[in-house]
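The values are calculated or read from the model by the stated rules, or taken from the named source; none is laboratory data. In this text the structure is predicted, and so the values were computed from the model without any measurement. Every residue, glycine as well, gets a Cβ built from its backbone with ideal geometry; the counts of neighbours run over all protein chains shown. In case anyone asks, the SASA skips ligands and DNA or RNA and just uses the protein heavy atoms, side chains included. Shrake-Rupley method; radii C 1.70, N 1.55, O 1.52, S 1.80 Å.
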Amino acid sequence: MDTRDLIARIKNRDISRRDLLQGMSAAGLAVVMTPAMSRIAKAAAADQATYFTWGGYDVPEFVPTYVTKHGEPPNFATFGGSEEALTKMLAGYVVDVAHPCNQAIPRWIATGLFQPLDTSRLSNWPDIMPELINLEGNVVDGKPYMAPTDWGRTSITYRTDLVDLQGQEESWGMLWDERYKGRLGMLASGGDSWWCGAIYAGVDFKDIASEEGFKKVAAIMRKQRPLIRTYTDDTTSLEQALASGELVAAMTWDSSAVVLKGEGVPVTFANPKEGALTWVCGAMMHKDAPKPDKAYDIIDALLSPEAGKWLIGENGYGHSNTKSFELFSDDELTALGLSSNPADILSAGKFQIPQTQEFETAMNKEFEQIKAGF
Amino acid sequence: MSDTVSIAVRPAGPGRSWRSRLRALYLRSEALRGYTLLSPTLVVMAFAMVAPFTILVAMSFWTQTGFDIDTTLTLRNYQEAADAPVYRALLIRSLWISGTCAVLTVLFSYPMAYYVAFHVHRRKLVWIILMTLPFWTSYLLRVFSWKVILGYNGAINSGLKSLGLIEQPLEFLLYSPTAIVITLAHAWAAFAILPIYVSLEKIDRSLLEAAADLGDGPVARFLRVTLPLSLPGVIAASLLIFIPTVGDYITPTLVGGPDGIMIANLIQVQFGRVNDWPMGATLAILMMIVVGLISVTYIWLSRKAIERIA
């Protein structure tokens, strides 16, 4: 039955019950079919490569040249922690490009799931800061596995109107401050929290896997547990809680502070006197990447100054391409907590040191128990 | 049937007697025919349930070493699960949360089911559909909406604040075991309403009239006739809620906070960032055993109770 015909007949009240039911069931069928139809329409995305990345990086702005070249962004899949990502891939999840950080590189390579990069296929490679390429364990037989893309810090975002520093310097102690019991937030992943605990406990990263260092960090994390309102990997919920005043301080990455400042919330990203945790993350290519050519397009896009512009301007993270920093004035960079000479910030922070898988398992097991209250 | 005929006229031979005997056996045995009819389901069950379960059991006796799994059989994981207090405490907390949630859900759902069964006479189906309406949205969305209601600046807190009843938002509402119980009780309500409604609907109304004729008031009539006869629905409803909620991990992740972590959260991280699959399998099996034992005891006790009432 023609729709227009049906509507006309409803208007003229010239319609039998059977006709109406027929029309309704057609409409019902259309509603049921809609998801199937849109899935067919979306099938084109199967032509794109898959980028497995941290939540928040899954935006077209981070892969600008890929979008211009192929007309649409790659498929994004996200994770909340790189350990979780690795177990997922070990269980058989195949992606084209993944997004680990410096501390994970040797272990990721050891799984045999990744292939070294052919840097001649990356047009932006000559502009990449060499100190970011020569990270511990990254270059094997002269070939790098991870193309560094972004770097940043894990520190404390706090409400300047609600936290009273009492004339003291900013310190990791803010997240252990009894005065703010129940109003502090932490990242749930040990990959950040445990290392920051080590900085506060005064454990040198070289000794983090030693029995004494392990016990010291565990003790300090246990001490902190009653003060914490929530442990989460979801930075958005930490940002919302900081904005509403539910939390006065939380462990975050650079971008949370930049996002909140942009919304007019009085926050600042602390520069703790003990040193912030510094990390470098990048792109690794799966050994069975289904679309290797497009995988190189993703990596090249991540390294482009256009990606750096988004990373620096919108998030306050550092980029690996020196040309990205030339897009900003010194004042703009200082306001974001960055510098025109990125090496300064990198050398001032505390760099994570790659650990064995046994340490990762033991540490995560212990941290899960601490979070559960034991 | 032409098939039968062709077999009947076929000349005798070794193949024929074997096949016809099999056929006769098949036609004679009701059980065999039943299993054949069930076979597609049985195959699915074997692949989708028995096989994963066998892997889980086997894995719980293995150990994780780095990225690899050592397949020497050992009870080490069970030993560790028994020794570390965290596992026992979280299991007890999960059972406690789910038990409370099952009781509360049944208590709140019973009047609703009762109303539809006894006081709604026209368009009962519409009422039932309206009651299940919240279930048309995703489970995740329902949990998030509770986060909005219970949150620091949520509906309850801002309501109480604007009424001038509180100065500071109530913080215990969100990120606590209470929040989990509230969220689960709402999310699983349909699973309580439907079985209770069915068992109430089945009650023979003449029994109620008889009770009234013999001098029972409304309360006595409810306690002596309606409630005992609807107990099967109540028992089914409480088990339907208790068993799956013990293993829930989304709700505690979103609204539970540090004090609301449940055993399933710990199982999930074993398969995720802790990367100790055998330990995760062990915990899953222990949880299954405990939940199984509790359910069997509960069914046995309630059967005894029904026998005594009857």
Checklist entry - Dipole of chain B, Cα-centred, from +1 at each Lys and Arg C-beta and -1 at each Asp and Glu C-beta, to the nearest 20 debye? => result 1300 debye
Checklist entry - Taking a Cβ-Cβ separation under 4.7 Å as the criterion for a possible partner, which cysteines of chain A have none? => result A:Cys196
Item to check | Accessible solvent surface per residue of segment A:82-188, calculated while the other protein chains remain in place, 1.4 angstrom probe, Å² | outcome: 38 Å²
Item to check | Charge dipole (the protein assembly as shown, unit charges on Cβ, about Cα centre) - positive-most of B:Pro134, B:Ile69, B:Ile92 | outcome: B:Pro134
Checklist entry - In the structure shown, do any of A:Lys206/A:Lys309; A:Lys88/A:Lys181; A:Lys309/A:Lys350 have a Cα-Cα gap over 27 Å, and if so which? => result A:Lys206/A:Lys309; A:Lys88/A:Lys181
Next on the checklist: With angles folded into 0 to 90 degrees, how steeply does helix A:190-201 sit against the dominant principal axis of chain A? Use alpha carbons for both and round to 10.
Outcome noted: 20 degrees
Next on the checklist: Excluding ligands, DNA and RNA, what is the accessible area buried between chains B and A, summed over both sides, using a 1.4 Å probe, to the nearest 100 Å²?
Outcome noted: 2600 Å²
Checklist outcome for this item: Surpassing 28 Å at the alpha-carbon level, of the pairs A:Lys143/A:Lys215; A:Lys69/A:Lys287; A:Lys261/B:Lys147, are A:Lys143/A:Lys215
Checklist entry - Roughly speaking, what % of Cα-Cα pairs in segment A:72-135 are separated by over 13 Å, rounded to a whole number? => result 72 percent
Next on the checklist: Could you tell me the extents of chain A's C-alpha atoms along the three principal axes, largest first, rounded to whole Å?
Outcome noted: 85, 53, 45
Checklist outcome for this item: Of the candidates A:Asn75, A:Gln352, A:Ser123, the farthest towards the positive dipole end of the protein assembly as shown (Lys/Arg Cβ +1, Asp/Glu Cβ -1, centred on the Cα centre) is A:Asn75
Checklist outcome for this item: Applied in sequence order to segment A:349-361, the curve 6.51 cos²θ - 1.76 cosθ + 1.60 (Karplus, θ = phi - 60°) yields integer Hz couplings, x standing for Gly and Pro, of x, 9, 8, 5, 10, x, 10, 6, 5, 4, 4, 4, 5
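Based on the Cβ-Cβ distance of B:Asp83 and B:Leu165, what FRET efficiency does E = 1/(1 + (r/R0)^6) give at R0 = 51 Å, to the nearest 0.05?
Efficiency computed from Cβ-Cβ geometry: 0.60.
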Checklist outcome for this item: Within segment B:107-201, DSSP-loop trypsin sites (Lys or Arg not before Pro) with at most 14 other C-beta atoms within 10 Å are B:Arg122, B:Arg123
Checklist entry - How far is the Cα center of segment A:120-196 from the Cα center of segment B:104-174, in Å? => result 41 Å
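Only helices at least 27 Å long along their axis, Cα-based, and averaging -0.5 or more on Kyte-Doolittle count here, so list those DSSP H runs from chain B.
Once both thresholds are applied, what remains is B:85-119, B:227-246, B:277-309.
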Item to check | In range of the label at A:Val94: residues from segment A:289-328 whose backbone nitrogen is under 12 Å from the point 7 Å along Cα→Cβ | outcome: A:289-292
Checklist entry - At a 1.4 Å probe, what is the % contribution of carbon and sulfur to the accessible area of segment B:78-309? => result 71 percent
Next on the checklist: Probe of 1.4 angstrom, ligands and nucleic acids ignored: what's the accessible area per residue over segment A:298-374, in square angstrom?
Outcome noted: 38 Å²
Next on the checklist: Given a 10 angstrom Cα cut-off, can you work out which residue in B:Leu200, B:Leu239, B:Leu42 is the most mobile in a GNM of chain B?
Outcome noted: B:Leu42
Checklist entry - When Cβ neighbours within 10 Å are restricted to other protein chains, what is their mean count per residue of peptide A:187-193? => result 1
Next on the checklist: If you count only protein heavy atoms with a 1.4 Å probe, what accessible area per residue comes out for segment B:240-310, rounded to a whole Å²?
Outcome noted: 44 Å²
Item to check | Per residue Cα convex hull volume in Å³ - calculated over segment A:184-303 | outcome: 156 Å³
Item to check | DSSP bridge pairs, chain A: antiparallel proportion in percent, nearest 5 | outcome: 60 percent
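Using r as the Cβ-Cβ distance of A:Lys223 and A:Val139, and R0 as 56 Å, what FRET efficiency do you calculate, to the nearest 0.05?
0.90
Looking at the protein assembly as shown only, what percent of DSSP beta bridges run antiparallel? Nearest 5 please. Kindly include the intermediate steps, with their values, before the conclusion.
Details: 28 of 43 bridges.
Of all bridge pairs located within the protein assembly as shown, approximately 65 percent are antiparallel.
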Item to check | Angle between chain A longest axis and helix A:235-244 axis [Cα atoms, degrees, rounded to 10] | outcome: 80 degrees
Checklist entry - Against the longest principal axis of chain A, how steep is helix A:17-42, in degrees 0 to 90 to the nearest 10, with axes from Cα atoms? => result 40 degrees
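What is the magnitude of the charge dipole of segment A:58-137 about its Cα centre, with +1 placed on the Cβ of each Lys and Arg, -1 on the Cβ of each Asp and Glu, and no other charges, expressed in debye to the nearest 20?
With Lys and Arg at +1 and Asp and Glu at -1, about 200 debye.
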Checklist entry - Sorted from largest down, what three extents in whole angstroms do the Cα atoms of chain B have along their principal axes? => result 98, 73, 39
Checklist outcome for this item: The correct pair for the protein assembly as shown, radius of gyration to one decimal and Dmax as a whole number, both in Å and from Cα atoms, is 31.3, 107
Next on the checklist: Given Cβ point charges of +1 (Lys, Arg) and -1 (Asp, Glu) and nothing else, what value in debye, to the nearest 20, does the dipole of the protein assembly as shown about its Cα centre take?
Outcome noted: 4220 debye
Item to check | List A:Glu368, A:Glu263, A:Glu72, ordered by accessible area with a 1.4 Å probe, largest first | outcome: A:Glu263, A:Glu72, A:Glu368
Checklist outcome for this item: Checking rank on A:187-196, B:86-95, A:170-179, with mean other Cβ inside 10 Å and highest first, the result is A:187-196, B:86-95, A:170-179
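If I take R0 = 45 Å and measure r between the Cβ atoms of A:Phe359 and B:Met49 in this structure, what FRET efficiency does the formula 1/(1 + (r/R0)^6) give, to the nearest 0.05? Working shown, then result.
Working: r = 37 Å, r/R0 = 0.82.
Step by step, r from the Cβ atoms, then E = 0.75.
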Checklist entry - Residues of segment A:59-101 with accessible area at least 50 Å² lower in the all-protein-chain context than alone (1.4 Å probe)? => result A:Thr87
Next on the checklist: A drop of at least 20 square angstrom in accessible area, chain alone versus all protein chains together, probe 1.4 Å. Which residues of segment A:338-374 meet that?
Outcome noted: A:Gln357, A:Glu358, A:Thr361, A:Asn364, A:Lys365, A:Glu368, A:Gln369, A:Lys371, A:Ala372, A:Phe374
Checklist entry - Within the P(r) computed for segment B:89-170, what percentage of the Cα pairs occupies the region above 14 Å? => result 77 percent
